[in-house]
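Accompanying notes for the structure given below.
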């Protein structure tokens, strides 16, 4: 069983096309910039990966996550050759913060808020006439949860085409909350490095159009082979390697692949002490019998942690890496932790292919995990 | 969208934890493990225990592979608003580290999973007034797709200062403060373990208008209907609405099917989409 990805689009601090974001990652660019939106005197961290699109720099605007979502959905549908979708087309939107930034502007600065602003149905109805919209908030695994649910909808015969998306804008509450618990604040994201100090928030949106295999007449970007979704059920914030390992194993089962079939992995790699460690331990376990094993990279050093859309962004970058035969490196990794010693981590410069099959991770707060296996368009 | 009848699923547990004469949050939400949880998570954890108990699944081995599906629109609004107030009055160092997990909409579902060792999919939906019925349908899909042995569905909306302000600004006068829970599992599994089947989930539909949603759910001919009653009883139910509807329907289910409609014109609506769900009486052991 597989499902075809026939359209895709993304926007984040590094760029506003999938190829542009991938190219920027391969050339080692970073979207990290001085904090423009919040009063910097209230935080220890001074930078974030913001999307630089405000009309007046430094003056915040409501509904940015909604705006990006509408944009990436439009671009992904156009890319798929489906600019005027059926009104019942399911859209599964993964998001950690929904429009909580708009709620903050309402609460603290007398902005406007309607209950319907807190989900994405009305925006997608206005833009495209779509009503079958689901706002999935399974933390930072949300967009890969959406992908898993989309494959189920197609399998269960409820739809032939599904749009899966992710969107988030940086909220002051979460920026402040992470600033509280990460000290000294991270200067950048150093996934798997001994000197890593934590996660830095990013923002942006990503969308893909998924279709039942064999139904799309045009070009495809790749295929989803299988998606797992689970929960550690162990700790509210600290990830559990066993939960991530189970998610990897289940994804392989669902995709009918063996660990040796995986050419590359794009990890969650948020750069926090515990999350990177848990992921490294889980990867070591999952690929212990492989030789030489997959190449492993992470991309958050480029665009920060874009929260709900992070897993799906990993997926589109993985497909672009397969197409272009170029896998970007983990940025700012100079002194890897012992737990990744046996893994083939890509650092310093891009690795070149050919690649066929990729594994992408999303590890959300609350122990919520999802892993997807995808392959490129060429068989 | 309509749900295929690939696998028959049933409601086998129902529980309430809603502020009122039978539930005083001041005492019922206190106690061990509650101190560092937000109001939404406290309600969710309480109702989860009661729902599993009602279904006879407390501590059962099948919980390991079960799913948690939470529906809530305002669950984390208060932690978010409260944190920005704290930062505005001082700086980020004044935010309590215990607050950080509660900034996520997903936290209530995560706490429930931790409490009962539920390792399957952990899903939170925030779809507006249709969200509760959408959550029941999502739970059914997770089971039908082989991702979950059973699902605990929770609709929760806490009454907090920011939630109250939002309701008042949008012409609300009363709103629910609490959680409602359902246990959903395959009919075959319920029968094999001798569980009491309270209702079967027969059809689900979601559309821009009520008529199309009801049609998609296969509910056009269903005479007994439930839409505005939860709102008349509790005030606005928002993300909990569909779950409250199912719980009320199960309690009064005779030998006739019941159609629940959330987000429709005659009931509570946020003007975006309408969901419809048909519940039928247990068919007995005819499988």
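Since every read-out is calculated from the coordinates, none of them should be taken as a lab result. Every value quoted in this text rests on a predicted model; they were computed, and no experiment measured them. Because the Cβ atoms are built from the backbone with ideal geometry, glycine has one as well, and the counts that use them run over all protein chains shown.
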Inset, instruction - Give me the percent of DSSP beta bridges within the stretch A:222-376 that run antiparallel, rounded to the nearest 5. - result: 70
Legend entry - Highest-first arrangement of B:113-120, B:59-66, A:88-95, B:138-145, where packing means the average Cβ count within 10 Å: A:88-95, B:138-145, B:113-120, B:59-66
Legend entry - Of every Cα-Cα pair in the protein assembly as shown, the percent that sits beyond 37 Å: 29
Legend entry - Relative contact order of chain A, defined on C-alpha pairs under 8 angstrom at six or more residues apart (%): 24
Inset, instruction - Calculate for chain A the 222 nm mean residue ellipticity that helices alone would give, adding -39,500 (n - 2.57) per DSSP H run of length 4 or more and normalising by residue count, nearest 500 deg cm²/dmol. - result: -9500 deg cm²/dmol
Legend entry - Inter-label distance, nm, simple model (7 Å from Cα along the C-beta direction), residue A:274/residue A:219: 4.5
Legend entry - Cβ-based exposure ranking for A:231, B:126, in which fewest neighbours within 10 Å come first: B:126, A:231
Inset, instruction - Would you give the gap between the C-alpha center of the stretch B:79-113 and the C-alpha center of the stretch B:3-53, rounded to a whole Å? - result: 22
Legend entry - Ordering of A:162-168, B:259-265, A:301-307, A:44-50 by burial proxy (mean other Cβ atoms within 10 Å per residue, highest first): A:162-168, A:301-307, B:259-265, A:44-50
Legend entry - Between the stretch A:29-47 and the stretch B:169-205, the Cα center-to-center distance that results, in Å: 45
Legend entry - chain B: calculated mean residue ellipticity at 222 nm from DSSP helix runs of at least 4, using -39500 (n - 2.57): -10000 deg cm²/dmol
Inset, instruction - May I ask what percent, to the nearest 5, of DSSP beta bridges between residues of chain B are antiparallel? - result: 70
Inset, instruction - Determine the gain in length on full extension of the stretch residue B:53-residue B:94; use 0.36 nm per residue of separation and subtract their C-alpha separation, reporting nm with one decimal. - result: 10.8 nm
Legend entry - Size of the stretch A:51-140 as Cα extents on the principal axes (Å, biggest first): 40, 25, 25
Inset, instruction - For peptide A:367-375, compute the average count of partner chain beta-carbon atoms within 10 Å of each residue's beta-carbon. - result: 2
Inset, instruction - Output the relative contact order of the stretch A:222-376, whole-number percent, from Cα pairs under 8 angstrom with separation of 6+ residues. - result: 38
Legend entry - Percentage relative contact order, the stretch A:3-212, counting C-alpha pairs under 8 Å, at least six apart: 31
Inset, instruction - Apply 1/(1 + (r/R0)^6) to the Cβ-Cβ distance of residue A:46 and residue A:288, taking R0 = 45 Å, and write down the FRET efficiency to the nearest 0.05. - result: 0.65
Inset, instruction - Take peptides A:277-290, B:196-209 and line them up by average Cβ neighbours within 10 Å, highest first, as a rough protection proxy. - result: B:196-209, A:277-290
Inset, instruction - For helix B:241-252, report the angle its Cα long axis makes with the longest principal axis of the Cα atoms of chain B; keep it between 0 and 90° and round to the nearest 10°. - result: 50
Legend entry - Fewest-first sequence of B:159, B:227, A:291 by Cβ atoms within 10 Å of each Cβ: A:291, B:159, B:227
Inset, instruction - Can you tell me the equivalent ellipsoid semi-axes for the stretch A:121-230? Use √(5λ) from the Cα gyration tensor, largest first, whole Å. - result: 34, 18, 12
Inset, instruction - Sketch the reach of a paramagnetic label on residue A:181 as a point 7 Å from Cα along Cα-to-Cβ, and name the residues of the stretch A:213-253 whose backbone nitrogen lies under 13 Å away. - result: A:235-240
Legend entry - Rough spin-label spacing in nm, given labels placed 7 Å along Cα→Cβ, for residue B:211 and residue A:56: 4.8
Legend entry - Cα gyration tensor shape for the stretch A:222-376, rounded if a/c is under 1.5, else prolate or oblate: rounded
Legend entry - Residue order, fewest to most surrounding Cβ atoms within 10 angstrom, among A:332, B:134: A:332, B:134
Legend entry - Exercise: per-residue mean of other protein chain Cβ atoms within 10 Å, A:96-107: 5
Inset, instruction - Out of all DSSP beta bridges with both ends in the stretch A:3-212, state the antiparallel percent to the nearest 5. - result: 70
Legend entry - Degrees separating the helix B:39-55 axis from the principal Cα axis of chain B, which is the longest one: 30
Inset, instruction - Give me a single rounded figure for B:207-217: the average over its residues of other chain Cβ atoms within 10 Å of their Cβ. - result: 2
Legend entry - Prolate/oblate/rounded label for chain A (Cα gyration tensor, a/c 1.5): oblate
Legend entry - Distance between modelled label sites at residue A:109 and residue A:342, nm, 7 Å Cα→Cβ extension: 5.1
Inset, instruction - Can you bin the stretch B:9-280 into rounded, prolate or oblate? Criterion: square roots of the alpha carbon gyration tensor eigenvalues sorted a ≥ b ≥ c, rounded for a/c under 1.5, prolate for a/b above b/c, oblate for the rest. - result: oblate
Legend entry - Degrees separating the helix B:77-89 axis from the principal Cα axis of chain B, which is the longest one: 10
